[in-house]
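The values are calculated or read from the model by the stated rules, or taken from the named source; none is laboratory data. Only a predicted model underlies this, so the values are computations on that prediction, with no experimental measurement involved. Positions of Cβ are generated from backbone atoms using ideal geometry, with glycine treated the same way; all protein chains shown enter the neighbour counts.
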Amino acid sequence: MIIKTAIFKGSSTKVEQKPRLRAPEYAFIGRSNVGKSSLINMLCGQKSLAKTSAMPGKTILVNHFLINDSWYLVDLPGYGFAKASKKAQATLKAMIEDYVSHSEELAMLFILLDSRHEMMEIDRSFISAVAGANIPFTVILTKSDKLSKSALERNAASIQASLDAIKPGITVIPTSSEKKTGKDAVLDLIEADLKNNRIPTTK
C-alpha cells in the first residue's frame, strides 16, 4: 500500500465525538515514549503528521487521520505515563478504554513495544485485556535499529514467548522509524485486512 493522502480529521475524548465520516479504523497505542508518533509519521511519509516530543505523554486525545479517503489511522494516548497525576492517568485510561471497547469501526489495534526491553507488566496487562475482549491486534516492535541483529532476534524471541503465554500466534513486526524498517509489512497488513473488512464507509 502507498499512502497518498493523510489528513487530520479531528481529536476526541469520547467515541461519540469521532469524525462524522465513518470508515475502518487502525489504531496505534503503546507505553509513553515508545516511539508511536515517529512510527506514524514514517508510515505516512510525513515528518510532523503526529506530534513527536522528547517529553512522554504528548498525545492526550484520540486523533483521527483519514488515509487515502478510505480508512482512519487513529493515534491513541500512551498508557503508563508515571509522571502524570493520578487524575490525569485515570482520564487517559478511561479515554483509551472507551475507544477500544466501543468504537464499532475499530478494525485492528497495533500495540507498540520497545524492542530494546523485555515486556513490562503494564504491557502484559493491556495485551491480556485486549486478547480477552477478542479485539484483533498486532504487536509492533519499535526502535529495532538501536540493536544489533543478534540482540534484536534474542529480544524478539523473548517477547514472542511472553506473547504466546497470553495468546499463541500473535503477529509481531519489528520496525525502525529511522530506517523505515517494517513500513511495508505494516501497510501491507492493513491493505490485506481492508480487502476482507466488512466495516462500511458511511457519512
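Below is a table of values for the structure above.
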{"read-out": "Residue among 154, 124 that alone is under 20 Å from the mean Cα position of the chain (by Cα) and basic (Lys, Arg)", "value": "124"}
{"read-out": "Boolean, residue 57 is in contact with a Phe, Trp or Tyr (Cβ under 9 Å, 6 or more places away or on another chain), within 27 Å of residue 125 (Cα to Cα), assigned to a loop (DSSP other than H, G, I, E, B) and at pLDDT below 95", "value": "yes"}
{"read-out": "Residue within segment 35-42 that is at pLDDT 90 or above and out of contact with any Leu (no Cβ under 9 Å at 6 or more places or on another chain) present", "value": "yes"}
{"read-out": "Exclusive hit being in contact with a Leu (Cβ under 8 Å, 6 or more places away or on another chain) and β-branched (Val, Ile, Thr), set 122, 170, 111", "value": "170"}
{"read-out": "Inter-residue pairs, beta-carbon under 9 Å, first in contact (Cβ under 8 Å) with a residue 24 or more places away in the chain and in segment 123-134, second basic (Lys, Arg) and crowded, with 18+ Cβ neighbours inside 10 Å, 6+ apart", "value": "123/31; 126/31"}
{"read-out": "Filter result for residue 108 (within 14 Å of residue 29 (Cβ to Cβ), at pLDDT 95 or above and either out of contact with any strand residue (DSSP E or B) (no Cβ under 9 Å at 6 or more places or on another chain) or not charged (D, E, K, R) (or both))", "value": "yes"}
{"read-out": "Some residue of segment 161-182 being of a type outside the set (S, T, N, Q), closer than 25 Å to residue 72 by Cβ, surrounded by 11 or more Cβ atoms within 10 Å (Cβ to Cβ) and out of contact with any helix residue (DSSP H, G or I) (no Cβ under 7 Å at 6 or more places or on another chain)", "value": "yes"}
{"read-out": "Strands (runs of 3 or more DSSP E) wholly inside segment 87-203 containing at least 1 residues that are hydrophobic (A, V, I, L, M, F, W, C) and in contact with a Gly (Cβ under 6 Å, 6 or more places away or on another chain)", "value": "106-114, 172-174"}
{"read-out": "Residues being surrounded by fewer than 22 Cβ atoms within 10 Å (Cβ to Cβ), in contact (Cβ under 8 Å) with a residue 12 or more places away in the chain and under 16 Å from the mean Cα position of the chain (by Cα) - total across segment 82-104", "value": "7"}
